[in-house]
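Report on one structure; see the data block that follows.
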Amino acid sequence: MSDRYDSVVIGCGPAGLSAALNLHIRNKAFILLGTKQCSHRLAKAERIDNYLGLPEISGKELMDRYLHHVSSRGIELREERVTAVYPGDGAFAVVTGKGQYTARSLIVATGVHIEKVLPGENEFLGRGVSYCATCDGPLFRGKRVALIDYTGGAAYDEVLFLASVADTLYYLLPEGKTASATAAVKLPLPANVTQLRRSSLSIKGADTVTSLVADEQEFALDGVFILRETQKAEILVPGLATDDKAVTVDGQMATNIPGVFAAGDCTGKPYQLARAVGQGAVAALSAVGYLDNPRN
C-alpha cells in the first residue's frame, strides 16, 4: 500500500530544494526524495562568484545553506533513490528502494547523468538489464544475477532484496572516474552474495543477457541490475520527451506528460545555479496550478 501526495519532488539539488520550498509555501502535501549528498558537483565547487547576493562562497557552504533553509521550514528530505515511475489513472506511482508513493504530480530534478552507458546496457535493456531491483527482482527468482552499484554503497537494501530471491548474486562496486566515491560496503552480506571491485564492465548476451565481463573475467548470468546515483529522467518516467539528451519543457517547466514538470540541469544547458533555483520555483508553481485546476 502506498502513501498518496499532491506531488513528489525527485532530486534534492538546487532545483529540487527550490521546488520543495515553494510547494511548502503553497501548502501542498509532497515528499522530497534524494540521495545523502544532494549535489556532488555543487559540493565540490571551491568558489562561486556569479550567484547574486552571495559572492565568493564555496559550493559546500551554499549547499549547506540550501539544506538549512529547507529543514528550518520543516521540510523533510527522505534519503531514497527513485528507481522507477509508473503513470496511472490521474496519478503516478513512484518506486524507491524502500517503498512506493503515489502522487498527482511530479517534479523531476534529477540533474545531469554522468556515468557512461556500459557496453551492452542499451542493447539488453528489458531483456535482462534492469534499473529497478525491487520492480524486476522477482523475475529472476532462483537465478544468477549481478548488481552494479554506482551509488557509493547506498544500494544495500537492494542487495539484500536480490539476495533473498536470486540463487547467486555478484555485487560489483565499479572503480574509476565515474565511481570515485564508491566505497566497499562493510555491512554484512548474505552467503550467496560475492562482492567484487572491478574497473571494466560489459554485458553480453544473445536474445537476453548471458554474462557479464568484469576485468576480463566472465560471469555467466541471467540478469544485470544497474543502480546509479542519478538516473536519466526519461528512463525513470516512461514516455518523457527529450531533446539532445535533455528533458523537453515549456516556459512553465511542463513536460509532454500532464502533471509532470522538470527543472534544473536535467533540462539542459546552461548549467547554472541561478537557473536551477528559478526553474525549481517555476516548476512548483506550475504544479500548484495543475493541482488546483478542477479539470485535473
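The values are calculated or read from the model by the stated rules, or taken from the named source; none is laboratory data. These numbers come from a predicted model, not from an experiment. Reconstructed Cβ throughout: ideal geometry from the backbone, glycine too, with neighbour counts over all protein chains shown.
Descriptive notes on the structure:
- Taken over the stretch 138-153, the residue count meeting the criterion of being surrounded by fewer than 17 Cβ atoms within 10 Å (Cβ to Cβ) and over 17 Å from the mean Cα position of the chain (by Cα) is 5.
- For N256, the conditions (1) crowded, with 16+ Cβ neighbours inside 10 Å; (2) in the same structural domain as I48 (by TED's automatic domain parsing) are fulfilled apart from (1).
- Of the residues contained in the stretch 121-128, none is found to be buried (at least 18 other Cβ atoms within 10 Å of the Cβ) and within 27 Å of Q279 (Cβ to Cβ).
- Test: residue in the stretch 143-152 that is farther than 16 Å from Q231 by Cα, in a helix (DSSP H, G or I) and assigned by TED's automatic domain parsing to the domain that holds D207: no
- Subset of the stretch 46-75 that is in contact with a strand residue (DSSP E or B) (Cβ under 9 Å, 6 or more places away or on another chain) and of a type in the set (G, A, S) - its residue that is farthest from A274 (Cα to Cα): S71
- Answer residue from the stretch 16-44, given it is in contact with a strand residue (DSSP E or B) (Cβ under 8 Å, 6 or more places away or on another chain) and within 10 Å of I107 (Cβ to Cβ) and is surrounded by the fewest Cβ atoms within 10 Å (Cβ to Cβ) among those: F30
- Out of R104, R78, R73, one residue alone is charged (D, E, K, R) and within 21 Å of T255 (Cβ to Cβ). It is R104.
Condition check ((1) within 30 Å of I48 (Cβ to Cβ); (2) of a type in the set (V, I, T)) across all residues:
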{"residue": "I75", "(1), (2)": "yes, yes"}
{"residue": "G88", "(1), (2)": "no, no"}
{"residue": "H113", "(1), (2)": "yes, no"}
{"residue": "A133", "(1), (2)": "no, no"}
{"residue": "G137", "(1), (2)": "no, no"}
{"residue": "A154", "(1), (2)": "yes, no"}
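- Candidate set: the stretch 192-222, residues that are of a type in the set (S, T, Y) and out of contact with any Ser or Thr (no Cβ under 9 Å at 6 or more places or on another chain); chosen: the one modelled with the lowest pLDDT: S199
- Of all the numbered requirements in (1) surrounded by 18 or more Cβ atoms within 10 Å (Cβ to Cβ); (2) in contact (Cβ under 8 Å) with a residue 24 or more places away in the chain; (3) within 30 Å of D89 (Cα to Cα), N296 misses one, and that requirement is (1).
Residues are listed down the side, and each one gets a yes or a no for (1) in a loop (DSSP other than H, G, I, E, B); (2) touching a residue at least 60 places away in the same chain (Cβ under 8 Å):
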| residue | (1), (2) |
| --- | --- |
| H24 | no, no |
| K28 | yes, yes |
| I31 | no, yes |
| E46 | yes, no |
| L52 | yes, yes |
| P55 | yes, no |
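- Considering residues of the stretch 154-191 that are part of a loop (DSSP other than H, G, I, E, B) and surrounded by 16 or more Cβ atoms within 10 Å (Cβ to Cβ) only, the residue modelled with the lowest pLDDT: T182
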